[in-house]
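For reference, the structure is listed below as structure tokens.
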Amino acid sequence: MNAVVDFYFDQVQQKLSELKRCEARAIEKAASLLKRQIEQNRLIYVFGVGGHSVIGCEEFFWRAGGLANIAPLFDASLLLSGGGRKSTMLERVPGIGDKIIKANDLGEHDVLIITSIYGMNAATIDAALEAKKRNVTVIAITSVAHAKSTPPDFVARHPSRKNLYEIADVVIDNHVPTGDTIVSVEGVEQTVGAVSTILVSACVQWLVIETVKQCAAAGIEAPIWQSANVVGGDEKNARYMESYSSRIKAL
């Protein structure tokens, strides 16, 4: 048996159980907002800022079993595919996140989900503040523990020193621990074994499931993608492509 690996999987299971135990109310509240958007034939906007936070955004979009009315606000300059160091540097620059909200013309009838593992960098906070200024409803998927434990003067922080969880209308705490990694290997100073992708993806899928459940209970048909890699998938998805391809830039 590999004790270090066993520890990692045990800790992941504990974190998932903790997430399930603590975030049900937030998930239900967020899902009710998404249900409203579906009922009113509106898009649901998602923004994941730089680094691996964008994985949460991608998890919502173009996913088998996922909602078809998801509009991700991808910005190539912030993605890891454009360079890791550049992504980190730019996510710390004030005056970028708000421009993305402005460029997509979000307004008072819109809902924006921001997936930010740590919820404190400049691009994240600028996006959240600009959205709130425009009366957009903001849902955050973020680590409250990490934000609270980070010093106010830390270099990666927004100049306002605000945290995403302090700005959003609904906060889904992803329960990612400070620093993300949880495994200590003997003789190695740096811990390994990141858990953020697993926990954030669980938040995303739970939110989608609860949204679809609430829609079904209300007699609302939720637009749900089928995998394009199963027989009939393309045909089933064709009507959603017709409905959303002109409205969602990323499609």
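The values are calculated or read from the model by the stated rules, or taken from the named source; none is laboratory data. No experiment lies behind these values; they were computed from the predicted model shown. Because the Cβ atoms are built from the backbone with ideal geometry, glycine has one as well, and the counts that use them run over all protein chains shown. What goes into the accessible areas is simple: the full protein's heavy atoms, side chains included, and nothing from ligands, DNA or RNA. Shrake-Rupley method; radii C 1.70, N 1.55, O 1.52, S 1.80 Å.
For this structure, a couple of remarks:
- Qualifying residue in region 210-218 (condition: assigned to a helix (DSSP H, G or I), in contact (Cβ under 8 Å) with a residue 12 or more places away in the chain and either of a type in the set (Gly, Ala, Ser) or at positive phi (or both)): no
- On inspection, ASP153 qualifies as out of contact with any Asp or Glu (no Cβ under 7 Å at 6 or more places or on another chain), surrounded by fewer than 19 Cβ atoms within 10 Å (Cβ to Cβ) and of a type in the set (Asp, Glu).
- Pairs with Cβ under 8 Å, 6+ apart, first in region 21-35 and touching a residue at least 12 places away in the same chain (Cβ under 8 Å) and under 16 Å from ASP110 (Cα atoms), second of a type in the set (A, V, I, L, M) and surrounded by fewer than 18 Cβ atoms within 10 Å (Cβ to Cβ): LYS35/ALA218; LYS35/ILE220
- Region 56-69 residues that are outside any helix (DSSP H, G or I), paired with ones that are modelled with pLDDT under 95 and not aliphatic (A, V, I, L, M) (beta carbon under 6 Å, 6 or more apart): ALA64/SER227
- The numbered conditions (1) assigned to a loop (DSSP other than H, G, I, E, B); (2) surrounded by 20 or more Cβ atoms within 10 Å (Cβ to Cβ) are all true for PRO159 except (2).
- Within region 87-99, residues that are surrounded by 14 or more Cβ atoms within 10 Å (Cβ to Cβ) sit with their Cβ atoms under 6 Å from residues that are of a type in the set (Ser, Thr, Tyr), at 6+ positions apart or across chains, in these pairs: LEU90/SER77.
- Residue within region 123-131 that is open to solvent by 30 Å² or more (accessible area, probe 1.4 Å), modelled with pLDDT under 95 and outside any loop (DSSP other than H, G, I, E, B) present: no
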